[in-house]
Structure formats: structure tokens, C-alpha cells
1. Checking L1 against (1) open to solvent by less than 80 Å² (accessible area, probe 1.4 Å); (2) at pLDDT below 95, which single condition isn't satisfied?
2. Among the residues that make up region 76-83, is at least one of them of a type in the set (F, W, Y), part of a loop (DSSP other than H, G, I, E, B) and at pLDDT below 95?
3. Restricting to region 51-63, and then to whatever is under 13 Å from the mean Cα position of the chain (by Cα) and within 24 Å of R13 (Cβ to Cβ), can you tell me which residue is modelled with the lowest pLDDT?
4. Being over 12 Å from the mean Cα position of the chain (by Cα), assigned to a loop (DSSP other than H, G, I, E, B) and at negative phi, is that true of even one residue in region 28-44?
5. When both residues are 6+ apart or on different chains and their Cβ atoms are under 7 Å apart, which pairs have a first residue that lies in region 16-38 and is under 20 Å from S52 (Cβ atoms) and free of Cβ contacts under 8 Å to residues at least 24 places away in the same chain, and a second that is among the polar types (S, T, N, Q) and assigned to a helix (DSSP H, G or I)?
6. Please go through (1) over 12 Å from the mean Cα position of the chain (by Cα); (2) at pLDDT below 95; (3) surrounded by 12 or more Cβ atoms within 10 Å (Cβ to Cβ) for Y17 and return the number of the only condition it doesn't satisfy.
7. With the requirement that a residue be touching a strand residue (DSSP E or B) at 6+ places or on another chain (Cβ under 7 Å), exposed (fewer than 15 other Cβ atoms within 10 Å of the Cβ) and not charged (D, E, K, R), what does region 44-80 give you?
8. Output the qualifying pairs, or none if there are none: Cβ atoms under 8 angstrom, residues six or more apart or on different chains, first residue in region 48-70 and in a loop (DSSP other than H, G, I, E, B), second residue among the hydroxyl-bearing types (S, T, Y) and surrounded by fewer than 13 Cβ atoms within 10 Å (Cβ to Cβ).
Amino acid sequence: LFAWTAGYNVPDREALYRQMFQETDPERLKTLLRENKIAYVAIDDGVRKNESLPDLNEWVFEQHFPKVFEDTSQIYDNLVIYQVPLSEARP
């Protein structure tokens, strides 16, 4: 079914979706993901080719998030799954 029929504010959710995939500040990105209770982020060729994400920030995930799965066989459209750290370690 459609998200709007469940009462979701679709334009706001789409804007947040784009922000999460285009944010270049790793700390702000982690905060956004945690605030929205997202534990894992999956990026595949469908996301990479998504025209609504012209500035996909996959490099931020590669450099700042633990990779928990990588589709090296290309069965799953070159899927890579990153884990969102629970919180920053404090000294």
C-alpha cells in the first residue's frame, strides 16, 4: 500500500531519506540515523542509480561505518550493508 494512507508525511520522510543518503558530516549522519532508530544501512545498485540521490554519500559509510555484509558475487546488485554505531565511545 501507500505510505500516505498510513498517515505518514511522505514529503518530509522523502526529504529525510535524501538527507541521510547525502549527508557528508559523519557525526551528523550518525545522529540522524540513531534519531530515526536505524541500525543498518543497505546500499545497492538501485540506490546508487537513484536519480533522486544525485549526491549519494557512500564514501562516508565506507570510511566511518563498519561493513557487515558485502555482495562480492553480485547476486544482490552489489549490496553493501553498514552498521550504524550505537553511540560514540566516551573516554
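The values are calculated or read from the model by the stated rules, or taken from the named source; none is laboratory data. Not measured: the values here are computed from a predicted model. For neighbour counting, all protein chains shown are included, and Cβ atoms are generated from backbone atoms with ideal geometry for every residue, glycine included. Calculation scope for accessible area: heavy atoms of the full protein, side chains included, ligands and nucleic acids excluded. Shrake-Rupley method; radii C 1.70, N 1.55, O 1.52, S 1.80 Å.
1. Answer for L1: the failing condition is (1).
2. First, pick out the residues of region 76-83 that are of a type in the set (F, W, Y): 76, 82.
Now drop any that are not part of a loop (DSSP other than H, G, I, E, B), which leaves 76.
Going one step further and asking which of them are at pLDDT below 95, we end up with 76.
There is at least one residue in region 76-83 that is of a type in the set (F, W, Y), part of a loop (DSSP other than H, G, I, E, B) and at pLDDT below 95.
3. Selected residue: L53.
4. No, there is no match, as no residue in region 28-44 is over 12 Å from the mean Cα position of the chain (by Cα), assigned to a loop (DSSP other than H, G, I, E, B) and at negative phi.
5. L32/Q19
6. Looking at each condition in turn, Y17 falls short on (1).
7. Selection gives P66, V68, F69.
8. Within 8 Å, the pairs are N57/T24.
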